[in-house]
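Q: Attaching a single structure in structure tokens format; questions to follow.
The numbers here are math on the coordinates, done by the rules we state, and not lab data. All of these numbers come straight from a predicted model, not from anything done at the bench. Here the Cβ positions follow ideal geometry from the backbone for every residue, glycine too, while neighbour counts run over all protein chains shown.
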Amino acid sequence: MSAAALLKSGWRAALLPVALVVVAQVAATVSHLESDSLASPFDIARAFVSVIADGSLLRATADTLKAAAVGCVLGVGGGSFLGIVLGLSRIADDALDLTIELLRPIPVVALIPVVMMLLGFGVEMEIVIIALGLLWPAVVLARAAVKEVEPRLMEVSNMLQLSFIARLTKIVLPAILPQLFMSLKLAAGYGLVVAVTVEITANPLGLGYGIMMAQQALRPAEMFAYLIWIGAIGWLVSAALNAAQRNFFPAFVKGEGR
Amino acid sequence: MRHLSLRKLLLGIGGLVLFILVWKLVTDAKLVSPIFFPGPERTYAALVKGLSGGALLQQTLQTIQRMLLGWLLASFVGILLGALVGISKRARAFIAPMLELLRPLPASAMIPVAIAFLGFSDHMVLVVIAFGALWPMLLATIHGFAAMEPRLYEVSQVLGLSRLEVIWKLALPSAMPMILASLRLGLTISLILAVVGEMLASREGLGQSILAASRSFRSPDLFAGIVILGAIGLVGSRLLSIAERRLLRWQATSR
């Protein structure tokens, strides 16, 4: 999209958010807003600057992103490995399918009390929950991807009598790399959601805890500053991964039908 | 084919039995302290006791009710708003970008905001569920309407259909596959947010019950609660899959 076209269609996209901010500011100014639950956009901006200045926002962001990233790598890595094994071995797949289908629908937040009991509070507990939450989607995606690998490649690998490791690194992994990246992309967004959820629910750490504390201290401006920042982080992470996907796997993105 | 599915069934049950056996072995060998990690038979006992006369049944019903109410609210509002925005190209250009911008916001991040407005109440939990489950339905409806075959719009103009008729007779059916898929996603989100909401606001339900069980180290009760939550998720998504197949049967045959 050229700059001119972006400007032409962009003003429509920007109109509503800008109008909302202006209306909110005017309403707050006219009514001399003093509230425990609302804040004017100007106050929110000021609160944002102050939490950046004292470093608490950036520290919380680093905590959350670190937990989400490690959990994501562990969950997607473990899940993809299991998925690949299941995709390659019919017997293992048939034997574990029922168990996986029964375990998969357990909502990940239900595991918070279990992991909390085992590990206490802290970054490990959060990482484990994120990894568990991302495990099943990664299993399912990797298994489907392996089953779609060109069967002749599998025949070739049988002919060459490749070992399991060699078959994995020389045939399967290169063939399913784009799908694995897509799996990682989906997981990153979801991992951030789980991280914030765990922090809000239980873990005294990171952005979720920050927003919860701001609410409990009745500082609505800070609460909304955190909220907007969390949204911005989520948006940035997904935009960055989309850009990476377009760069590394351009053919695959077209195949997605966008 | 029949033979193949029988094999799959047998292997599947064998796998499940093996899983439970490994679970039992791990707990019997006390690899993890039994205070934290109960064996399958203790979990089963807690499940049976809780469901027959215990508090568990009541809590389960509470959670299911919360989940369904929030989900229905979200579905209704999501599809209605989605239809209103999706049917007009102009409304899409103005409103859709902002919705896309808001979508990556974790629904749980809205919980503190909801608490600030509504306090720790059942309404708060319901609003959080409805708000979180709204997005998939809303965006799927908008996208489904936008992806409708353009010629159908031309046909509707030729036939002189009103806007309401276009929505009801053309756009909704053609967006149906996307909407149905989003309903299933919405139900999953509703269950998660129902549990989170109960944990945070201490409203009666499974979320609060498993948190209390973990705080007082009643791990069999905790695991029984998790088993029920898994069952709710499983049954919910299976029922919606069946409904999906039935409602979309016309589509499979028309192709």
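Q: Using alpha-carbon positions, what is the distance between the centroids of region A:132-208 and region B:3-70, in Å?
A: 27
Q: Using a 10 Å cut-off around each Cβ, can you sort B:Leu105, B:Leu159 from fewest to most neighbouring Cβ atoms?
A: Starting with the residue having the fewest Cβ neighbours, the order is B:Leu159, B:Leu105.
Q: On to the next question. Plugging the Kirkwood radius over Cα pairs into Stokes-Einstein for region B:73-193, at a temperature of 4 °C and a viscosity of 1.567 mPa s, what D comes out in µm²/s?
A: Answer from the Stokes-Einstein relation: 85 µm²/s.
Q: Could I ask something else about it? Considering the alpha-carbon set of region B:1-146 alone, what are its Rg and its Dmax in angstrom?
A: 23.0, 66
Q: I would also like to ask the following. Short version: what are the Cα gyration tensor semi-axes of chain B, square root of 5 times each eigenvalue, largest first, in whole Å?
A: 42, 26, 14
Q: For region A:38-255, what is the charge dipole size about the Cα centre, in debye to the nearest 20, if Lys and Arg each add +1 at the Cβ and Asp and Glu each add -1 at the Cβ?
A: Roughly 520 debye for region A:38-255.
Q: What is the mean number of Cβ atoms from other protein chains located within 10 Å of the Cβ atom of each residue in peptide B:92-104, rounded to a whole number?
A: Shielding by partners across B:92-104 averages 5.
Q: Averaged across B:12-20, how many Cβ atoms of other chains sit within 10 Å of each residue's Cβ atom?
A: Shielding by partners across B:12-20 averages 5.
Q: Right, something else. Using Cα positions and a limit of under 20 Å, work out the aspartates and glutamates in reach of B:Lys49, with same-chain residues fewer than 8 apart set aside.
A: Output for B:Lys49: B:Glu41, B:Glu204, B:Asp221.
Q: Might you report the magnitude of the Cβ-based charge dipole of region B:80-196 about its Cα centre, with Lys and Arg at +1 and Asp and Glu at -1, to the nearest 20 debye?
A: 220
Q: How large is the dipole of the protein assembly as shown about the Cα centre if only Lys and Arg carry +1 and Asp and Glu carry -1, each at its Cβ, rounded to the nearest 20 debye?
A: 1460
Q: Next up: Taking Rh as the Kirkwood radius computed over C-alpha pairs, what is the Stokes-Einstein D of region A:103-187 at 10 °C in a medium of viscosity 1.306 mPa s, expressed in µm² per second?
A: 105
Q: Ok, one more. I'd like to know which of A:Pro17, B:Val125, B:Leu152 lies farthest towards the positive end of the charge dipole of the protein assembly as shown, counting +1 on Cβ of Lys and Arg and -1 on Cβ of Asp and Glu.
A: B:Leu152
Q: Exposure proxy check: B:Leu164, B:Leu138 ranked by fewest other beta carbons within 10 Å?
A: Lowest to highest Cβ neighbour count: B:Leu164, B:Leu138.
Q: Taking the number of other C-beta atoms within 10 Å as the exposure measure, put A:Tyr190, B:Tyr153, A:Tyr226 in order starting with the fewest.
A: The most exposed by this proxy come first: B:Tyr153, A:Tyr190, A:Tyr226.
Q: So, one more: By how many degrees, 0 to 90 and rounded to 10, does the Cα axis of helix A:123-147 deviate from the longest principal axis of chain A?
A: The answer is roughly 50 degrees.
Q: Output the peptides B:179-187, A:115-123 sorted from most to least packed, where packing is the average of other Cβ atoms within 10 Å over each peptide's residues.
A: Ranked from most to least packed, the peptides come out as B:179-187, A:115-123.
Q: If you don't mind, there's one more thing I want to ask. Over all directions, average the projected area of the Cα convex hull of chain A and note it in nm².
A: 18.3
Q: Next question, about the same structure. Have a look at A:Ala166, A:Leu103, B:Ala55 and report the one farthest towards the positive end of the charge dipole of the protein assembly as shown, computed about the Cα centre with Cβ charges (Lys/Arg +1, Asp/Glu -1).
A: Farthest towards the positive end: A:Ala166.
Q: Among the helices of chain B (complete DSSP H runs), which have Cα atoms covering no less than 30 Å along the helix axis and a Kyte-Doolittle mean of at least -0.5?
A: B:2-28, B:56-87, B:122-146, B:172-201, B:219-247
Q: Where the centroid of each part is defined by its Cα atoms, how far is region A:73-105 from region A:8-52 in Å?
A: 47
Q: Same structure, new question: Grab the eigenvalues of the alpha-carbon gyration tensor for the protein assembly as shown, scale each by 5, take roots, and send me the semi-axes largest first in whole angstrom.
A: Semi-axes, largest first: 37, 32, 25 Å.
Q: Okay, next question. Treating region A:1-117 as a set of equal point scatterers at the Cα positions, no solvent, please give the Debye-formula log₁₀ I(q)/I(0) at q = 0.11, 0.17, 0.19 Å⁻¹.
A: For the requested q values the scattering log ratios are -0.81, -1.01, -1.09.
Q: What average number of partner chain Cβ atoms lie no more than 10 Å from the Cβ of the residues making up A:223-235?
A: For peptide A:223-235, the averaged partner shielding equals 4.
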